[in-house]
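Before any comments, here is the structure.
Taken together, the values in this text are just the output of simple stated rules run on the coordinates, not laboratory data. This one's a predicted model, so the numbers in the text were calculated from it and none came from an experiment. Glycine gets a Cβ as well: all are built from the backbone with ideal geometry, and neighbour counts include every protein chain shown.
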């Protein structure tokens with residue numbers, strides 16, 4: 001008998017699950033129906049800043065696989081079709097065709113929830129005015145690009161100084177705008193400790209990006225035409241011909257909540273390691289709508305990131321297909337680039353360590369991406385956290401130039417393996433003058449961290 | 001009472017040991033005498049190709065710390081002073097002043113052997129002719145640069161296609177020479193498997209470097225002036241205005257052998273994990289003259305590399321100083337760059353695995369350094385070896401362009417941690433479009449390797 005797999009959400013996680021399940025099971029054995037409320041499937045939301053910035057010419061380049069390509073593999077993709085209710089007891093979902101308003105019930109044997117995340121939009125005056133843009137979906141990107149082309153003004157304000165915020169700042173600079181980033185933290189990039197965020201602030205200044213920190217946005221001011229023309233933050237006002245919101249996202253779990261599925265403290269759906277929703281044999285969830293285990297702190301977190309979503313999809317698809325795959329958790333790795341500035345982090349910040357009850361030491365060093373005598377050695381600062389007493393690596397943050405960012409991967413693997421900083425000092429990392437000083441910066445930081453652990457006892 | 005530390009060899013390992021020991025113990029507590037037969041201390045031999053190639057302007061840039069700087073820290077560096085005998089029973093060394101020929105005995109409480117490696121010079125006709133150059137020491141580099149400036153010819157032949165050989169090929173191209181690399185392997189870069197070496201051969205061709213493989217050099221032909229003018233390999237002859245030998249090096253252990261110290265199967269001094277020479281309480285050895293433990297195969301290897309030498313020196317110095325440090329071993333990581341080609345490897349090749357009695361599967365994939373839609377995604381090929389049955393990672397080789405080489409570090413850490421390829425598929429590596437496709441190439445290779453392990457059972 002043919003089983004039916006219903007997937008709610010057709011982006012990275014959902015379509016990866018569909019594709020992987022199809023690899024294991026043929027259409028006669030498993031029918032696959034995907035409901036997607038937008039116009040696109042399988043696209044790279046992470047690529048939107050580069051599309052806006054002009055490095056990516058064409059929207060279609062961001063689409064990894066079109067609905068037609070999925071359909072050719074017997075995956076029934078239903079676009080502009082929004083699931084509005086999960087009937088768990090009845091084993092069915094109710095969907096609405098967004099064009100016609102017609103609603104339909106569809107039964108499932110296996111259900112996958114990959115509903116993603118929604119951008120945070122604080123309920124501020126003017127937040128929905130024309131000229132205020134999110135950058136979460138391809139539709140958002142398209143609207144922003146049209147707005148940038150239409151305006152004769154040249155002032156852009158980005159609200160939020162996280163990865164999306166700074167990447168959008170670069171994109172707007174590339175399009176010839178004067179950019180101000182307004183954010184509420186003391187320093188930009190609150191995914192870093194403030195001392196490392198301060199380096200990012202300095203670097204952004206050098207890139208002609210104005211940064212206004214410690215500013216809680218209180219309103220978007222609109223003009224007589226009803227369009228946004230300034231961002232108000234406390235007593236300050238930042239004139240804006242276009243406003244981009246990069247405040248972050250929250251798990252999109254309304255359906256799951258309404259159906260009584262388990263939701264964690266960060267608002268994401270809770271699953272086991274195989275990504276089965278806790279307590280439900282035939283319901284799975286992955287991507288930006290779930291919480292994941294932080295392998296370093298042992299706590300759950302919400303980390304919306306395409307690379308996790310893709311992994312989740314593969315794992316869910318394999319498990320539904322009769323294979324076996326698990327998602328043990330994350331260590332919290334992220335990397336970003338703003339012009340030639342590279343910013344990376346993995347593991348715990350100081351405040352994360354404190355929140356997890358971990359005592360720690362820190363070590364911060366400056367080094368370069370190449371041997372000092374090789375042309376253009378790019379500077380970088382590496383901060384390392386290690387647990388007091390045990391010396392276990394807890395986290396690494398890197399701010400630097402070319403060649404800095406991906407060095408964080410060494411720490412990500414070391415965190416996964418539970419290495420101590422003393423073990424790290426012996427790591428056999430690739431060395432040649434064009435790639436590294438004879439002591440790789442990560443090793444230099446590890447050596448300093450070892451001494452700090454020794455001093456604290 | 002003041003102890004005396006005698007160090008034989010004043011390059012990376014020896015001077016690191018001296019510096020580190022001095023950090024722990026003051027001059028009144030520990031006298032440090034370093035014998036160095038050359039003119040320099042603490043220099044980067046790995047930087048010589050970039051000096052010859054012109055990226056490094058000045059020889060002094062390659063000197064990390066001058067003899068004067070060491071002396072200012074109460075390290076008694078004796079240049080042009082060669083140790084010619086170790087009297088272990090008497091606790092003393094005999095040295096010869098190379099300028100005057102005067103010999104002196106110097107007693108020691110602690111002895112460090114950091115005698116390095118000597119370039120392999122097969123006993124071929126013409127091998128010592130003018131125009132034949134090694135590139136092991138700063139003196140060698142200086143002689144080569146002078147020779148390149150002096151010759152009006154433009155044909156260079158590099159013998160050997162390992163890291164030094166290909167790096168020297170680039171250096172000579174940069175100086176306007178026509179370069180032929182003559183080597184005896186089927187493919188260049190015998191530190192890779194031949195299938196990956198073939199990619200290097202193709203890429204070198206694209207860089208206008210001629211590669212003549214499967215050619216055992218039988219003689220250096222000299223002209224009436226006694227200078228080298230061609231390299232003979234079997235029935236072929238390669239005209240040469242300058243010949244560079246990059247055949248490799250062997251541990252320099254004559255002194256140690258003569259004194260009866262333990263020597264391993266690869267010709268290197270044998271030590272324990274603290275780098276104490278096996279069986280001797282107060283003799284230490286490190287750098288290019290020792291054998292190291294290969295953590296993947298469990299066998300000993302000789303890996304002459306500046307990064308290990310620096311680590312060894314630090315460890316020896318700490319241990320002599322009263323600290324505690326160990327060198328657990330290597331996984332065999334190496335990375336190299338030839339023009340924009342990047343080549344990296346870590347762990348075991350197929351033949352290493354066979355030699356270690358390990359059964360394995362392989363997986364080779366092609367990917368890019370960035371998201372496919374981001375400008376200039378650089379192609380790379382990743383080959384992964386995993387143990388049959390257990391799925392333990394055994395090795396990784398990468399050939400690609402910008403951003404390819406240092407990715408090998410992820411595998412180096414995973415090898416150190418003893419990870420399986422299945423564990424690697426869950427690694428939380430840094431992702432953003434300018435840095436990586438959503439599946440990092442190393443993860444793509446790991447996924448394919450998991451399937452290969454499954455198929456072989």
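In table form, for the structure just shown:
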| quantity | calculated |
| --- | --- |
| The lone exception for residue A:310 - which of (1) in a loop (DSSP other than H, G, I, E, B); (2) within 12 Å of another protein chain (Cβ to nearest Cβ) it fails | (1) |
| Residue within segment A:49-66 that is farther than 30 Å from residue A:175 by Cα and out of contact with any strand residue (DSSP E or B) (no Cβ under 6 Å at 6 or more places or on another chain) present | no |
| Test: residue in segment B:348-359 that is more than 13 Å from chain A (Cβ to nearest Cβ), farther than 30 Å from residue A:63 by Cα, surrounded by 22 or more Cβ atoms within 10 Å (Cβ to Cβ) and more than 20 Å from the chain's Cα centre (by Cα) | yes |
| Residue count for segment B:10-37, restricted to those that are part of a helix (DSSP H, G or I) and buried (at least 24 other Cβ atoms within 10 Å of the Cβ) | 8 |
| Any hit, segment B:248-257, residues being in a loop (DSSP other than H, G, I, E, B) and either under 24 Å from residue B:350 (Cβ atoms) or over 20 Å from the mean Cα position of the chain (by Cα) (or both) | yes |
| Matching entry among A:403, A:430 (being within 12 Å of another protein chain (Cβ to nearest Cβ) and in contact with a helix residue (DSSP H, G or I) (Cβ under 6 Å, 6 or more places away or on another chain)) | A:430 |
| Those residues of segment B:136-150 which are crowded, with 18+ Cβ neighbours inside 10 Å and farther than 18 Å from residue B:36 by Cβ, in sequence order | B:144, B:145, B:147, B:148 |
| Selection count, segment B:417-445, where residues are in a helix (DSSP H, G or I), within 30 Å of residue A:171 (Cβ to Cβ) and in contact (Cβ under 8 Å) with a residue 24 or more places away in the chain | 3 |
| Single condition residue B:394 does not satisfy, out of (1) within 13 Å of chain A (Cβ to nearest Cβ); (2) in contact (Cβ under 8 Å) with a residue 60 or more places away in the chain; (3) crowded, with 24+ Cβ neighbours inside 10 Å | (1) |
| Any chance residue B:320 is away from chain A (no Cβ under 14 Å) and in a helix (DSSP H, G or I) | yes |
| Test for residue A:83: is it in contact (Cβ under 8 Å) with a residue 12 or more places away in the chain and within 11 Å of residue A:6 (Cα to Cα) | yes |
| Odd one out for residue A:440 among (1) within 11 Å of chain B (Cβ to nearest Cβ); (2) farther than 20 Å from residue B:344 by Cα | (2) |
| Residue tally, condition more than 8 Å from chain A (Cβ to nearest Cβ) and not in a strand (DSSP E or B), over segment B:330-346 | 2 |
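Residues are listed down the side, and each one gets a yes or a no for (1) without any contact (Cβ under 8 Å) to a residue 40 or more places away in the chain; (2) in a loop (DSSP other than H, G, I, E, B); (3) more than 12 Å from chain B (Cβ to nearest Cβ):
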{"residue": "A:370", "(1), (2), (3)": "no, yes, no"}
{"residue": "A:382", "(1), (2), (3)": "no, no, yes"}
{"residue": "A:415", "(1), (2), (3)": "no, no, no"}
{"residue": "A:450", "(1), (2), (3)": "no, no, no"}
